[in-house]
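Student: Right, I'll just put the structure down here and ask away after.
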Amino acid sequence: MSALLNEQSTNPRVAVLLAVFDGANWLKEQLDSILGQVKVDITIFVSVDQSSDGSEQLIDCWASLDPRIKALQHGFHFGGAAPNFLRLMHEVDFSTFDFVSLADQDDIWNNNKLNAAIELLRSKDASAYSSNALAFWGNGRTAFINKSQAQVKWDYLFEAAGPGCTYVLTQQLATSIQQLLVQKPQALKKVGFHDWFFYAYARAHEFKWVIDDQSWISYRQHASNQVGINSGLQAFMHRVDKVSSGWALAQSIFVADLLDKKSEPFVKMWSSGNPLGLARLACYSWQCRRRFRDKFFFFFACIYMALKGGISSSNKD
């Protein structure tokens with residue numbers, strides 16, 4: 001699409017941030033679904049974590065054929081999705097865009113995904129959007145991922161709004177997050193999950209977030225997913241380990257500190273990680289997670305960690 005056509009278009013301008021690592025098997029299908037979005041003008045910014053399957057070369061080839069695809073400099077090793085997305089948020093200039101969207105390398109978007117998100121953002125006068133998703137596997141299995149439960153007072157300190165690949169942010173919110181990345185680059189290297197952090201930042205700074213009860217994305221599940229959905233015994237045990245070891249709560253403490261929330265009475269109550277604070281936190285489980293069963297899981301996890309003696313200092317470092 002020529003620069004002249006872009007200037008004349010009245011469609012919303014969307015910067016899509018695509019993080020890639022060894023994604024050659026899925027990239028074409030995902031890129032086609034993003035470029036096929038209706039009623040929006042798309043520019044895709046791609047950051048490739050050093051890959052062994054030729055992902056860099058594929059992206060460079062497609063970028064040479066379509067000016068809507070922009071490759072960031074290659075050669076960096078991030079070791080995970082979070083630092084890769086944080087790099088995109090840090091480096092991309094959002095000044096000429098209306099919205100910023102996140103994209104994984106292996107999903108398939110409904111062609112109305114971004115238009116539906118923008119319509120809901122505008123109708124609700126909101127700054128951030130996420131949605132439910134339809135997970136699918138190579139064997140034909142599917143599962144609906146419901147993340148649209150009502151938001152509660154403190155959920156943003158303990159969970160994301162849903163799959164990060166559904167997120168759409170206004171330019172104002174994305175630029176605000178970018179400013180923090182510029183101010184605290186070293187601290188942000190400790191962020192374990194970018195989607196959780198973006199949600200926490202938005203809620204902590206009173207940006208309105210809407211969660212769509214519809215799904216506009218086919219969320220691919222495979223052995224290489226860094227996170228994926230919490231489905232099956234293996235995924236459940238991985239989640240139990242993250243919680244029972246204290247790692248997840250240590251991330252909550254870190255995020256609260258990063259967002260200048262540690263002076264809040266609620267956060268001060270449990271952020272030391274001592275047994276009494278964790279026991280008290282258990283009593284607030286209804287305000288800490290959105291999904292009904294997660295409230296119970298959170299309650300018992302807090303009690304377990306309290307009985308175990310609290311969170312060790314090594315987890316909080």
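Student: Taking the condition closer than 30 Å to ALA187 by Cα and in contact (Cβ under 8 Å) with a residue 40 or more places away in the chain, does SER52 pass?
Tutor: Values: closer than 30 Å to ALA187 by Cα: yes; in contact (Cβ under 8 Å) with a residue 40 or more places away in the chain: no.
Judged against the criteria, SER52 is not a match.
Student: Consider region 158-178. How many of its residues are farther than 13 Å from VAL210 by Cα and not in a helix (DSSP H, G or I)?
Tutor: Here is the first cut: in region 158-178, the residues farther than 13 Å from VAL210 by Cα are 158-159, 163-165, 171-178.
Within this subset, residues satisfying the condition of being not in a helix (DSSP H, G or I) are 158-159, 163.
Final tally of qualifying residues: 3.
Student: Okay, next question. Among the residues of region 14-38 satisfying the criterion of being without any contact (Cβ under 8 Å) to a residue 40 or more places away in the chain and buried (at least 16 other Cβ atoms within 10 Å of the Cβ), which is farthest from ASN112 (Cα to Cα)?
Tutor: Step one: filter region 14-38 for residues without any contact (Cβ under 8 Å) to a residue 40 or more places away in the chain, giving 24, 28, 31-32, 35.
Next, only the ones that are buried (at least 16 other Cβ atoms within 10 Å of the Cβ) stay: 24, 31, 35.
Numbers: ALA24: 25, LEU31: 15, LEU35: 11 Å.
The residue in question is ALA24.
Student: Taking the criterion of being touching a Gly at 6+ places or on another chain (Cβ under 6 Å) and surrounded by 15 or more Cβ atoms within 10 Å (Cβ to Cβ), would at least one residue in region 261-271 satisfy it?
Tutor: Keep residues of region 261-271 that are touching a Gly at 6+ places or on another chain (Cβ under 6 Å), which gives 269-270.
Pick out the ones that are also surrounded by 15 or more Cβ atoms within 10 Å (Cβ to Cβ) and you get 269-270.
Yes.
Student: In this structure, does VAL210 turn out to be at pLDDT below 95, under 18 Å from the mean Cα position of the chain (by Cα), β-branched (Val, Ile, Thr) and surrounded by fewer than 22 Cβ atoms within 10 Å (Cβ to Cβ)?
Tutor: No.
Student: A further question on this structure: Considering only residues that are part of a loop (DSSP other than H, G, I, E, B) and among the acidic types (Asp, Glu), look in region 43-81 and name the one that is surrounded by the most Cβ atoms within 10 Å (Cβ to Cβ). I'd like the intermediate steps shown before the answer.
Tutor: First, the residues of region 43-81 that are part of a loop (DSSP other than H, G, I, E, B): 49-54, 66-68, 72-80.
Filter again for among the acidic types (Asp, Glu), leaving 49, 53, 66.
Working: ASP49: 22, ASP53: 13, ASP66: 14.
Filtering region 43-81 for residues that are part of a loop (DSSP other than H, G, I, E, B) and among the acidic types (Asp, Glu), the one surrounded by the most Cβ atoms within 10 Å (Cβ to Cβ) comes out as ASP49.
Student: Next question, about the same structure. How many residues does region 108-135 contain that are among the basic types (Lys, Arg) and either surrounded by fewer than 23 Cβ atoms within 10 Å (Cβ to Cβ) or not assigned by TED's automatic domain parsing to the domain that holds HIS205 (or both)?
Tutor: 2
Okay, residues lined up against (1) farther than 30 Å from CYS283 by Cβ; (2) within 18 Å of the chain's Cα centre (by Cα); (3) of a type in the set (Phe, Trp, Tyr); (4) surrounded by fewer than 21 Cβ atoms within 10 Å (Cβ to Cβ):
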| position | (1), (2), (3), (4) |
| --- | --- |
| ASN146 | no, yes, no, yes |
| VAL152 | no, no, no, yes |
| THR170 | yes, yes, no, no |
| THR175 | yes, yes, no, yes |
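Student: For ALA223, state whether it is within 18 Å of the chain's Cα centre (by Cα) and modelled with pLDDT under 95.
Tutor: Details: within 18 Å of the chain's Cα centre (by Cα): no; modelled with pLDDT under 95: yes.
No, not satisfied.
Each row is one residue, and each column tells you yes or no for (1) free of Cβ contacts under 8 Å to residues at least 60 places away in the same chain; (2) more than 23 Å from GLY80 (Cα to Cα).
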site: ALA117; (1), (2): no, yes
site: LEU120; (1), (2): no, yes
site: ALA143; (1), (2): no, yes
site: SER148; (1), (2): no, yes
site: GLN151; (1), (2): no, yes
site: ALA161; (1), (2): yes, no
site: TYR167; (1), (2): no, no
site: THR170; (1), (2): no, yes
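Student: Report the residue count in region 141-151 for those that are farther than 12 Å from ILE211 by Cβ and β-branched (Val, Ile, Thr).
Tutor: Within region 141-151, the first condition is being farther than 12 Å from ILE211 by Cβ, and the residues that meet it are 141-144.
Narrowing further to those that are β-branched (Val, Ile, Thr): 142.
Total meeting the criteria: 1.
Student: With the checklist (1) within 15 Å of the chain's Cα centre (by Cα); (2) over 22 Å from PHE21 (Cβ atoms) in hand, flag the one item ASN111 doesn't pass.
Tutor: In the conditions (1) within 15 Å of the chain's Cα centre (by Cα); (2) over 22 Å from PHE21 (Cβ atoms), ASN111 misses (1) alone.
Student: Let me ask another. When you go through GLN151, GLN105 one by one, which is the residue that is farther than 25 Å from ALA248 by Cβ and either modelled with pLDDT of 95 or more or in the same structural domain as LYS208 (by TED's automatic domain parsing) (or both)? Step through it out loud before you land on a result.
Tutor: Numbers: GLN151 fails: farther than 25 Å from ALA248 by Cβ.
The match here is GLN105.
The values are calculated or read from the model by the stated rules, or taken from the named source; none is laboratory data. Model, not experiment: these values are computed from the prediction. No Cβ is skipped: glycine too gets one built from the backbone with ideal geometry, and neighbour counts run over all protein chains shown.
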